[in-house]
Each structure stands twice: as C-alpha cells, then as structure tokens.
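Colleague: A single structure is presented below for examination.
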Amino acid sequence: MSKRRVERMSVEIRRVISRIIHEDIKDPRIDFSTVSVSRVDVANDISHARVNFSILGDEAKQEETMQALQKARGYIRSEVAREIQIKHAPELEFRLDKSIEHGVRISALLNEIKESEPKSE
C-alpha cells in the first residue's frame, strides 16, 4: 500500500474509533470525558492497527477502562469496517499512552518551581 493511503486510513480509523467510544459504547466502566484516542498506527497491509489511548485517572481507573475497551474490541472493529466501508477491518491492538498524563505532571512541576522562586522586583 502507498504511504499516503496508510496515513489516510490511520486518520480515518482514529476519527471513527473516537466517535464510537464517545457515542456508541454504553459501558459504565468508561468515563468518556477522560478517554481520548491519541494515535493510530496502521500496518502497511492494513491488517493490524495499534490504537493508543490516553486515559486520565489513577492506575485502577486506567486498568478498568482498558479492560472495558478490550471487551468491546470486536464491536469497535466491526463498526470501523462498516463506517469506512472496507472488506477486512484491521485487527485492533489497544495500548495505554501515558504521554498526556506525563505532560500534565511536568507542567505541574514547572508551575511549582515557578511559584517557589523568589520574586525579584
């Protein structure tokens, strides 16, 4: 497959999965305000897609949300195939992406340092 097609497929899968999670899945374990799809990497033959999720919250909440997403993986895959109108939907692999959480932590630490510095007048 061309690199351009793989990139377009990646963007489209990300958009569709985000919509499915926020509108279609009714699992109470998923807090939709804390879950976002940060990135989708699609294999060149479009047989596999690695979906990176960012989940804000503690470890227990993240684990519970990932379990709910794993359980809904078949449904999400079939909806992706239906919406994108492709014969064979890629096999989905969900991964937890902690980059946003890490960025928030670094920002908080920088703010602490800034506030603790003596102000020069």
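Colleague: If I ask for residues that are part of a helix (DSSP H, G or I), more than 16 Å from Arg77 (Cα to Cα) and aliphatic (A, V, I, L, M), which ones from segment 1-58 would you list?
Modeller: Val6
Colleague: If you go through segment 71-117 one residue at a time, how many are touching a strand residue (DSSP E or B) at 6+ places or on another chain (Cβ under 8 Å), surrounded by 13 or more Cβ atoms within 10 Å (Cβ to Cβ) and outside any strand (DSSP E or B)?
Modeller: Looking only at that region, the number is 9.
Colleague: Considering (1) in contact with a strand residue (DSSP E or B) (Cβ under 7 Å, 6 or more places away or on another chain); (2) over 16 Å from Phe94 (Cβ atoms), say which one Pro28 fails and leave the rest.
Modeller: (1)
Colleague: Tell me which of these Ser10 doesn't satisfy, since it passes every other one: (1) more than 21 Å from Val104 (Cβ to Cβ); (2) surrounded by fewer than 16 Cβ atoms within 10 Å (Cβ to Cβ).
Modeller: Every condition holds for Ser10 apart from (2).
Colleague: Whether any residue in segment 40-56 is closer than 17 Å to Asp97 by Cβ, of a type in the set (A, V, I, L, M), out of contact with any helix residue (DSSP H, G or I) (no Cβ under 6 Å at 6 or more places or on another chain) and surrounded by fewer than 18 Cβ atoms within 10 Å (Cβ to Cβ) is what I want to check.
Modeller: Within segment 40-56, one or more residues are closer than 17 Å to Asp97 by Cβ, of a type in the set (A, V, I, L, M), out of contact with any helix residue (DSSP H, G or I) (no Cβ under 6 Å at 6 or more places or on another chain) and surrounded by fewer than 18 Cβ atoms within 10 Å (Cβ to Cβ).
No value in this document is a laboratory result; all are computed from the given coordinates. Note that the structure is predicted; figures quoted are calculated from it, not measured. For neighbour counting, all protein chains shown are included, and Cβ atoms are generated from backbone atoms with ideal geometry for every residue, glycine included.
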